[in-house]
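FYI, it's all coordinate maths here, none of it is from the lab. Here the structure is a predicted model, which is why all the values come from computation and not from measurement. Please note: Cβ atoms are built from the backbone with ideal geometry, for glycine as well, and neighbour counts cover all protein chains shown.
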Amino acid sequence: MKQRVQPRRDGRKASAPKGKAMRPTKPGAGARASVHLSIDVPDLEAGLRFYESVFGFVEVARPFSTMAILDANNLTICVHEKSAGTKPSPNGTDVRRYERHWTPVHVDLHVHDFDGVLGKVRAEGGLIEMEFREQGPKPAAFCSDPFGNGFCVIGEDAKHE
């Protein structure tokens, strides 16, 4: 049975059904890129413990001793061990730091057991910075891992919790 692509509310072209690859929309256009997420941590084993324990991510490869690849269900996550104080780019002046830091790019992790996951974040050394339970259609929490990397935990629809 062929799945039908649902139209988008904003009028833009809809995405492919779940599990189906997108085809170029114009002749000669390249295929869409796949997306992987990289997370830098000062200690690879500690980073793996946090993300595996809290979210159930599974290590699927260790290409070299300072990098592990995790299966995060619908996303591949590369965890990299990088020392504090090292430069992420030779062209910039910024250095890696593992105190809590702000970044305009973060990950939203959608979970079934909102309270259970928040408990695991705390138990594994992460922080819950703000919780929103009644402000929107889904409960949400602003969090950080033990290495200062921010992320959001988003629960199921509040009506179904």
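Before moving on, here are some points about what is shown:
- Applying a threshold of 6 Å to beta carbon distances and a minimum spacing of six or more residues, or different chains, the list of pairs starting in segment 52-69 at a residue that is in contact (Cβ under 8 Å) with a residue 40 or more places away in the chain and ending at one that is surrounded by 14 or more Cβ atoms within 10 Å (Cβ to Cβ) and not in a strand (DSSP E or B) reads SER53/GLU124; VAL54/LYS120; VAL54/VAL121; VAL54/GLU124.
- Hits in segment 35-85 - residues which are within 22 Å of THR103 (Cβ to Cβ) and hydroxyl-bearing (Ser, Thr, Tyr): SER38, TYR51, THR66, THR76, SER83
- Here segment 114-144 is the region considered, the condition is being touching a residue at least 24 places away in the same chain (Cβ under 8 Å) and part of a loop (DSSP other than H, G, I, E, B), and the residue that is surrounded by the fewest Cβ atoms within 10 Å (Cβ to Cβ) is GLU134.
- Of ARG96, ARG133, ARG122, all but one fail to be within 14 Å of PRO42 (Cα to Cα), charged (D, E, K, R) and more than 16 Å from the chain's Cα centre (by Cα); the exception is ARG96.
- Contact map, segment 75-92: first residue within 20 Å of LEU37 (Cβ to Cβ) and touching a residue at least 40 places away in the same chain (Cβ under 8 Å), second residue among the aromatic types (Phe, Trp, Tyr) and outside any loop (DSSP other than H, G, I, E, B), Cβ cut-off under 8 Å, separation 6 or more or different chains; pairs are ILE77/TYR51; VAL79/TYR51.
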